[in-house]
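Undergrad: Let me give you the structure first, and then I'll get to my questions.
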Amino acid sequence: MEMRQDFVSCRFSFIMGVEVFLCMKYPKFLNEKYNTIGVCAMSSGVGHKLDSFDASIEYIESNGYHIVETASVRNNSEPSIDAKTRVDELNLLVNDSSVGAIWLAAGGDFQFETLPYMDFDWIEKNPKWYLGASDPTNLLFPITCKCDLATVYGFNAGSFDEYSINEYSSLCLDFLKGKNSELHSSSMHQDVDFYNDGAPILNTKTEYVGDCSVSGRLLGGCFESINDMAGTPYDFVKEFNERYKEDGIIWFFDIFSMNSCDVYRALLKMKYMGYFKYTKAILVGRVLFKNVSDLIGYEDAFKKALPDINVVFQVDIGHTYPHMYVVNGAMARVEIKDGHGTINYEIKE
């Protein structure tokens, strides 16, 4: 299905007794003439894996895109450079009208420190696609919540080397061109306890745990990053929830390595803060580095903290292979039954 350019999903709603005009913005999709993607390093630089990164960029370019990089992308450091410079480099891409999408180079641990320098109002006034995974949640998540701007979670710009290309890779790149494909659960995945050199070995049958049939607005990303932002000045979830409460929220969480007890406490904190007030379902990806407490497991943590919410586990979301792209802020129809499922993004003309 081809989607028209600059589509805005709008409706009226009443918030605090005042009628407001709600708009989830889908930036202009890329095409043969408008095909530039800007890559920046808001977290780690890629100097330690240049061969892999170059292979990834070559793959993206082979799909018809032109890549421009900011100065710190290839630095061999984490973070790539100081926080203010990283935001300055991001702003160069925000200000460049020829750039249709901004893709974060890699994950890491330090993007959280860039938030005080962010100008979300300026980002909202210059809508582009933002893409990333893991630590880049610290950019994608607040952009969607604050700016009502759809973002794409699932792949970094360096995620398309030999190891990381999966059945969803080309679908993600096609999405930037406005091609909206139904996403199906994988048939096989790589067991998270099994590692090898080169391409992943898909050695385990994929079976989602739990069922759901629901439409709602997707919201989520790396669980650790969302937990870090919760309760800070960069937490815009309450306002987002109120604006889109009629749609309902489908949360998706990618847990990297957080201890299962810590997950339970984080869920309780988010619950106390009203994160799950209008939640219709939660999708949880496979945990990459399992850190399971003897006191409570990951699934039990969700069931105990959120007993009244439908949660589906072991979804193709996150750090394990293969993984889908998820359009943060988009309306979606999620159908999961008997271990398998589909996601349809309801982005219509």
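Just so it is clear, none of the values below were taken in a lab; they were calculated from the coordinates. For clarity, every value in this text was computed on a predicted model and none was experimentally measured. No Cβ is skipped: glycine too gets one built from the backbone with ideal geometry, and neighbour counts run over all protein chains shown.
Undergrad: Taking neighbour counts of Cβ atoms within 10 Å as a proxy for exposure, in what order, fewest first, do Cys222, Cys261 appear?
TA: Starting with the residue having the fewest Cβ neighbours, the order is Cys261, Cys222.
Undergrad: What list of ³J(HN,Hα) couplings, whole Hz, do you get for segment 215-230 from phi and the Karplus terms 6.51, -1.76, 1.60, once you set θ to phi - 60° and write x for glycine and proline?
TA: So the J values, rounded to whole Hz, are 10, x, 9, 6, 7, x, x, 5, 4, 4, 5, 4, 5, 4, 6, 4.
Undergrad: Just need log10 I(q)/I(0) for segment 184-345 at q = 0.10 Å⁻¹, Debye formula, equal scatterers on the alpha-carbon atoms, no solvent, rounded to two decimals.
TA: Computed log10 I(q)/I(0) values: -0.35.
Undergrad: Let me ask another. Quick one: Debye curve from the C-alpha atoms of segment 83-221, no solvent, what's log10 I(q)/I(0) at q = 0.13 Å⁻¹?
TA: Calculated log10 I(q)/I(0) at the listed q: -0.69.
Undergrad: Would you mind classifying segment 8-181 by shape? Square roots of the alpha carbon gyration tensor eigenvalues, ordered a ≥ b ≥ c; an a/c under 1.5 is rounded, otherwise it is prolate if a/b is larger than b/c and oblate if not.
TA: Judged from the Cα gyration tensor, segment 8-181 comes out oblate (a/c at least 1.5, b/c at or above a/b).
Undergrad: Please give the direction-averaged projected area of the C-alpha convex hull for segment 132-199, in square nanometres with one decimal.
TA: 5.9 nm²
Undergrad: Return the calculated 222 nm mean residue ellipticity for the chain, to the nearest 500 deg cm²/dmol, obtained by summing -39500 (n - 2.57) across DSSP H runs with n ≥ 4 and dividing by the residue count.
TA: One gets -7000 deg cm²/dmol as the mean residue ellipticity at 222 nm.
Undergrad: Still on this model: Under 5 Å between amide hydrogens, which residues at least 5 positions from Met42 or on another chain qualify, with H placed 1.01 Å from N in the peptide plane?
TA: Distant-sequence amide H within range of Met42: Ala105, Ala106.
Undergrad: Please report the antiparallel percentage of DSSP beta bridges with both residues in segment 8-181, rounded to the nearest 5.
TA: Around 35 percent of the beta bridges assigned by DSSP in segment 8-181 are antiparallel ones.
Undergrad: Given R₀ = 22 Å, what would the calculated FRET efficiency be for His66 paired with Tyr163, taking r from the Cβ atoms and rounding to 0.05?
TA: 0.35
Undergrad: Going through segment 32-87, which trypsin sites (Lys or Arg not before Pro) have at most 12 other Cβ atoms within 10 Å and a DSSP loop state?
TA: Lys33
Undergrad: Give the average over all directions of the projected area of the C-alpha convex hull of the chain, one decimal, in nm². Show your work: numbers first, answer last.
TA: Details: hull surface 65.6 nm².
In nm², the orientation-averaged hull projection of the chain is 16.4.
Undergrad: Let me ask another. May I ask you to derive the FRET efficiency for Glu346 and Asn76 from their Cβ-Cβ distance with R0 = 51 Å, giving the value to the nearest 0.05?
TA: Values: r = 43 Å, r/R0 = 0.83.
Plugging the Cβ-Cβ distance into 1/(1 + (r/R0)^6) gives 0.75.
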